[in-house]
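These notes concern the structure reproduced below.
The values are calculated or read from the model by the stated rules, or taken from the named source; none is laboratory data. Predicted model only: the values in this text are computed from it and were never measured. Here the Cβ positions follow ideal geometry from the backbone for every residue, glycine too, while neighbour counts run over all protein chains shown. Heavy atoms of the whole protein, side chains included, go into the accessibility calculation; ligands, DNA and RNA do not. Shrake-Rupley method; radii C 1.70, N 1.55, O 1.52, S 1.80 Å.
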Amino acid sequence: KSKRAKRQEFEQMQAPSLGGVQVPRGDGNTAIRLRRGSSLADFADKIDANPASLVTVLFHLGEMATATQSLDEDTFGTLAAELGYVIEMVSAEDEDRELLEAFDIDLEGEEAGESDDDLAARPPVVTVMGHVDHGKTRLLDAIRNADVVSGEAGGITQHIGAYQVKTQVDGNERALTFIDTPGHEAFTAMRARGAQVTDIAILVVAADDGVMPQTVEALNHAQAAGVPIVVAVNKVDKDTANPAKIRQQLTEYNLVAEEYGGDTMFVDVSAKQNMGIDSLLEAVVLTADAALDLRANPNKDARGVAIEANLDKGRGAVATVLVQSGTLHVGDAIVAGTAHGRVRAMFDEHGNTLKAAGPARPVMVLGLTSVPRAGDGFLVAPDDRTARQIAEKREAAERAALLAKRRKRISLEDFTQALEQGKVETLNLVLKGDVSGAVEALEDALLKINVGDEVDLRIIHRGVGAITQNDVNLATVDNAIIIGFNVKTAERVAELADREGIDIRYYSIIYKAIEDVEAALKGMLKPEYEEVQLGTAEIREVFRSSKFGNIAGSIVRSGEIRRNSKARVLRDGVVLGDNLTIDSLKRFKDDATEVREGFECGIGLGSFNDLQVGDTIETWEMREKPRS
Ligand code: GDP
């Protein structure tokens, strides 16, 4: 090769950022649509490039990836910007819509020519929220029991995740559906899935306690979702109750009581004494009538949301779904998230079997092949095969998206550096719970823990049901901790975990789990040290000793000087010697371990001899900084 050719080759190798590869470039605005979980190969396909060349370009941008690895939006964004393209990630919703359209499933009911006449009034769906201990659970029980008193068949209600009650309003019997998981965590987790389940929120505020942090959080969530609020002022049976104060406090949050000229209904209740429950239900119905147009077409294939699901030993996957439109029938082929199956049987909250369930009716459904997650949408498919295919396609899309998210994003320099410094630390978790709602809520809360950038929390697997061998295997591979919420380990699994050294922790209270994980994360953080000044001394005289070197005859000006502590010497504010050690310390002729402020002493700094009268000796030590 000629010198010139070699030189050219070398220059090409040195070409900035692109590594000298040829890639078709965009004009800076050329849009590229990518699905979640796409890889470089997918990108290459869209711009007619060689996937390997994109690997090279990305490498030169400081990131390493294989051609087929799922990447996240940020990574694509960086790459696209370099090459003159703009990335548009297809949203999960759009992706799913496209998927369903491909199966000829009409999402809006428009094609069927649905008109106003097809819509019938449906009950409101209500969620109870509020601060802990303000009586949410008790209120849900009182409402459920109020209905039993009114003569509902069955009497005993079972917890299936939601229930329906009836009440009299203006002489008409009106039904209301209650989501039986109190609190805004579940509400938010479902909303994060894109499921808008709740029509109206009951905000419970204890009259003896007042507006508390979670009260505000709950009302923020409801207002953000555009959900009207009815305030239940609870515990009015207590002597210390001050219902007027609650009304006054909440005006600050735009909840002005009707009696004060606002449009929010406040109802005084006592969940404990079953007082005011009817008025509360009436207020919910009236608020719904005034603020919302709750109608749905009952005469079509059902569509709705999974509220709760679990794996039952005898019955398999059991899911409570809320029908939002259409009517669900026994025998329907359904898809719920990535679960599918045929409705084998349906039960209401009283354990009665149902053949059909219309809008706003919660039903427990048997027959799914796997457990959906809380907030997963469900729909009726034309047949079993379609149901299965939709479920499988969704699962594949989800896996790809998850892979993209899971990939650690770190630049090459960061990576080596971080490794060297031992800075990258990841806490891997496997979450198992009895119901999907709890798992969702837990995951959500855990991912919100903020401990800075140095520690990473990854949830490598989550699921419903007992902790299985598979979970332990996963934990072994990824060095994870398993968190079991209201679940046990399957037989012999504990043994296996023990053998593999896998930590399994059991909880029945979500915030306990969160607390522990937070502590673990903080414990994993490398301790941070800070310099703490111990004392200063001023040099008054310098004694020269052939045996000990120079000795600084000093007076301690602040704190104390301790033998063996770290020291530095300053002259006119300039550091002359740092990281020295107080080698010897004497009071008159005697060795001292410490000398306090105001006292004179002789200080020897080992071999450091550059001492002058007027210099300052400062001593310090490194202390571990507590984490807040
Ligand atoms: P949650 O955390 O909001 O679900 O609150 P709970 O429903 O568990 O209630 C918390 C505590 O308040 C329990 O000890 C209840 O018995 C009590 N409580 C709930 N409602 C009332 C009420 O109307 N009056 C009184 N005196 N106590 C109540």
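List the number of the failed condition for Arg193; all other conditions in (1) modelled with pLDDT under 85; (2) within 13 Å of the ligand (Cβ to nearest atom); (3) of a type in the set (Lys, Arg) hold.
Every condition holds for Arg193 apart from (2).
Of the residues that sit in region 319-368 and are over 30 Å from the mean Cα position of the chain (by Cα) and β-branched (Val, Ile, Thr), which one is farthest from Arg388 (Cα to Cα)?
Thr353
If Ala396 passes every condition in (1) modelled with pLDDT of 75 or more; (2) more than 30 Å from Val330 (Cα to Cα) but one, which one does it miss?
Evaluating Ala396 over (1) modelled with pLDDT of 75 or more; (2) more than 30 Å from Val330 (Cα to Cα) leaves (2) as the failure.
With region 196-302 as the region, which strands (runs of 3 or more DSSP E) entirely inside it contain at least 3 residues that are open to solvent by less than 10 Å² (accessible area, probe 1.4 Å), of a type in the set (A, V, I, L, M, F, W, C) and within 16 Å of the ligand (Cβ to nearest atom)?
Values: elements: 200-206, 229-234, 266-268.
Result: 200-206, 229-234.
Between a first residue in region 173-184 that is more than 16 Å from His134 (Cα to Cα) and aliphatic (A, V, I, L, M) and a second residue that is at pLDDT below 80 and not in a strand (DSSP E or B), which pairs have beta carbons less than 9 Å apart while being 6 or more apart in sequence or on different chains?
Matching pairs, first to second residue: Ile179/Ala186; Ile179/Phe187; Ile179/Met190.
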